[in-house]
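Heads up, the thing below is written out as structure tokens.
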Amino acid sequence: KWESLMFSRGSILVVAVTLAALCGSHDAVAQGVFTLSSPDFKDGERLALKNAGNNKANPNCIGENVSPTLSWANPPAGTKSFALLMFDPEGRPPGGVSHWVAYGIPASVTGFAEGEVSKPSDKYVGGQGTAKLSYYTGPCTPAGPLHHYTFTLIATDLEPSALSPGLTRDELIKALDGHAKVATGMIGTFSKP
């Protein structure tokens, strides 16, 4: 259990350092702080069972794969598009599991309704998660310690059509180097009851 805890903290630290490097300077935003929120769960709280994956071939996928409502506010001036990542650093050690990679979200979009991104949408360009899908795939966490599902929203200076579909998380992070203005995020937890 100690090794698992060490990996979990180490993984979260690696993700935090990577995102800090990716985002560069954190200029003050006159109109308020850039935030990501959800009425379905608070930062650090457990995701609902319906938000879990529903792959019948995996006994740990016990949900309905309904994406939670997400909304954001106060992006920095000059934002042209957003990227949104959902990542589980404890999943499939040592690399973690990328549950959703979305980008090219127009600056005019301020969120997604419940279930809206459980399938492809014209509101974003679909990347490629670990399961090779371009849309939200919920947690399929085994019983045991909670996993941390990090939702990271990145404001960019790229036009929504600048990047091709199908980028992986790592490819997207590389493509955003020098184009990310600031990031915000929240964490939902989950494990099979």
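A compact table of results
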read-out: For segment 42-113, radius of gyration divided by Kirkwood radius, i.e. Rg to Rh on alpha-carbons; value: 1.03
read-out: Nearest-10 value in Å² for the accessible area of Lys80, using the 1.4 Å probe; value: 90
read-out: Lys, Arg +1 and Asp, Glu -1 on Cβ, resulting dipole of segment 59-156 about Cα centre, debye, nearest 20; value: 240
read-out: Extension gain, Asn58 back to Asn74 (0.36 nm per residue minus Cα-Cα distance, nm); value: 1.8 nm
read-out: Gain in span if fully extended, Asp122 to Leu146, counting 0.36 nm per residue against the direct Cα distance; value: 5.4 nm
read-out: Cβ charges +1 (Lys, Arg) and -1 (Asp, Glu), total dipole of segment 108-190, debye; value: 180
read-out: Contour minus Cα-Cα distance for Thr189 and Leu133 (0.36 nm per residue); value: 18.0 nm
read-out: Paired Rg and Dmax values of segment 58-193, which use every Cα atom, in angstrom; value: 14.5, 45
read-out: Where labels lie 7 Å past Cα in the beta-carbon direction, separation of Glu159 and Val33 in nm; value: 3.5
read-out: Semi-axis lengths, Å, segment 109-161, gyration tensor of Cα atoms, sqrt of 5 times eigenvalues; value: 24, 13, 12
read-out: Heavy-atom surface of segment 44-193, accessible at 1.4 Å and reported per residue (Å²); value: 42
read-out: Charge tally in the Cβ shell below 13 Å around Lys50, where Lys, Arg are +1 and Asp, Glu are -1, Lys50 excluded; value: -2
read-out: Only Lys, Arg (+1) and Asp, Glu (-1) charged, at Cβ; segment 34-100 dipole about Cα centre in debye; value: 140
read-out: Taking segment 103-193 and dividing mean pair separation by its residue count, relative contact order in percent (alpha carbons under 8 Å, at least six apart); value: 36
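The values are calculated or read from the model by the stated rules, or taken from the named source; none is laboratory data. None of these values were measured; they are calculated from a predicted model. Positions of Cβ are backbone-derived with ideal geometry, glycine not excepted, and every protein chain shown enters the neighbour counts. These accessible areas exclude ligands, DNA and RNA; they are computed on the full protein's heavy atoms, side chains included. Shrake-Rupley method; radii C 1.70, N 1.55, O 1.52, S 1.80 Å.
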